[in-house]
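The values are calculated or read from the model by the stated rules, or taken from the named source; none is laboratory data. Keep in mind it's a predicted model, so treat the numbers as computed, not measured. Cβ atoms come from the backbone with ideal geometry, glycine included; neighbour counts cover every protein chain shown.
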Amino acid sequence: MPGTANRHAIPIKWPHPKLVVEWNAYRYVPLKGGKPGVVLHGISRRAYGEGDAKKFLTSLKDWCSDAKNALNGFNASAISPRP
């Protein structure tokens, strides 16, 4: 998981006819070099529909810690702002 990014988008027209559940984790890192601001790193997971939502919620405890550890272990120092 570290070093990977999910670049897939699922187009959804609202109001969506299915149940949608989502889990998010965020990490805010101050910018380096004395510049004001923060960099936001995040992980989002979603499930659509009652069956997938139930599986998602019952397995949340199993993968949540790994996802948070991956986010905390991400090398944020590799990012620096450009003027």
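Going by the conditions given, is residue 76 in contact with a strand residue (DSSP E or B) (Cβ under 9 Å, 6 or more places away or on another chain), surrounded by 14 or more Cβ atoms within 10 Å (Cβ to Cβ) and modelled with pLDDT of 85 or more?
Details: in contact with a strand residue (DSSP E or B) (Cβ under 9 Å, 6 or more places away or on another chain): yes; surrounded by 14 or more Cβ atoms within 10 Å (Cβ to Cβ): yes; modelled with pLDDT of 85 or more: no.
It is false that residue 76 is in contact with a strand residue (DSSP E or B) (Cβ under 9 Å, 6 or more places away or on another chain), surrounded by 14 or more Cβ atoms within 10 Å (Cβ to Cβ) and modelled with pLDDT of 85 or more.
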Looking at (1) assigned to a loop (DSSP other than H, G, I, E, B); (2) surrounded by 11 or more Cβ atoms within 10 Å (Cβ to Cβ); (3) modelled with pLDDT of 65 or more, which is the one condition that is false for residue 56? (1)
